[in-house]
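Quick notes on the structure that follows.
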Amino acid sequence: TKNQEKKKGSSGLDIKMNISATEDAIVKVIFDKTVGDELTAYGNGNLELRIPPSGDFSIRGQYEVTKGNYLFTMKNVPLVPFDLARGGTISWNGDPYDAQIHMDAVYTTTTSVEPFFPTDSTNQAYHRSYPVNVIMHLDNQLMNPEVSFDIELPTADQNIQETVRSYTQTDLERNKQVLSLMVL
């Protein structure tokens, strides 16, 4: 729904639009056109767009994601498509280039946990493959988000989950494991 208000005064035209975004609209954010990082989202939100006589375009409001994807690339090589988690937000408080993002994206793969248990080769649970969720957290500025990762093994038993978590406590080790999951 668009509601336009136009006022003509001595200083020029003032345009204000209130937009109720629905899942019918696609929001596309291209983080870096040269490498192809691109976020595509469907969701809901109420946004106010304004162009005052000065021409200083502004956006206010919040957009909440219900579904979508994020194509993650590294050095011009597309790695994997992540699915956006429901409930992530993009918020504007004026400057369209200063939006805030708080969103998770998930990549699911299947792999063996055997490398984390090199001394116990007899336990068959360590040789099985498990679903693994690589969770990418996107926070703060939309156009230059802070990115961090987590790894989840949702169907593995508690012992396996704790052992993998202990090996991936540091950012360096966790990022190394995340990269190997995405590349392989």
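The values are calculated or read from the model by the stated rules, or taken from the named source; none is laboratory data. Here the structure is a predicted model, which is why all the values come from computation and not from measurement. Here the Cβ is made from the backbone with ideal geometry for all residues, glycine too, and neighbour counts use every protein chain on show. The protein model used for the area step is the full one, side chains on, heavy atoms only, and it has no ligands, DNA or RNA in it. Shrake-Rupley method; radii C 1.70, N 1.55, O 1.52, S 1.80 Å.
Please report, as a whole percent, how much of the solvent-accessible surface of region 48-184 comes from carbon and sulfur atoms (probe radius 1.4 Å). Display every interim value, and only then the final one.
On the way: 3860 of 7890 Å².
For region 48-184, the apolar C and S fraction of the accessible surface comes to 49 percent.
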Helix-only [θ] at 222 nm, the chain, -39500 (n - 2.57) per DSSP H run of 4+, per residue, nearest 500, equals -4000 deg cm²/dmol
What length, rounded to one decimal in nm, is gained on full extension from Asp157 through to Arg50, with 0.36 nm per residue of separation minus their alpha-carbon distance?
-> 33.2 nm
Net charge near Gly68 (other residues with Cβ under 12 Å of its Cβ; Lys, Arg +1; Asp, Glu -1) is -2
Per residue, how many Å² of accessible area does the chain show with a 1.4 Å probe?
-> 61
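So between Asp83 and Lys176, what do we pick up on full extension, going 0.36 nm a residue minus the alpha carbon distance? Mind showing how you got there, number by number?
Details: separation 93, 0.36 × 93 = 33.48 nm, distance 2.08 nm.
Between Asp83 and Lys176, full extension yields an extra 31.4 nm.
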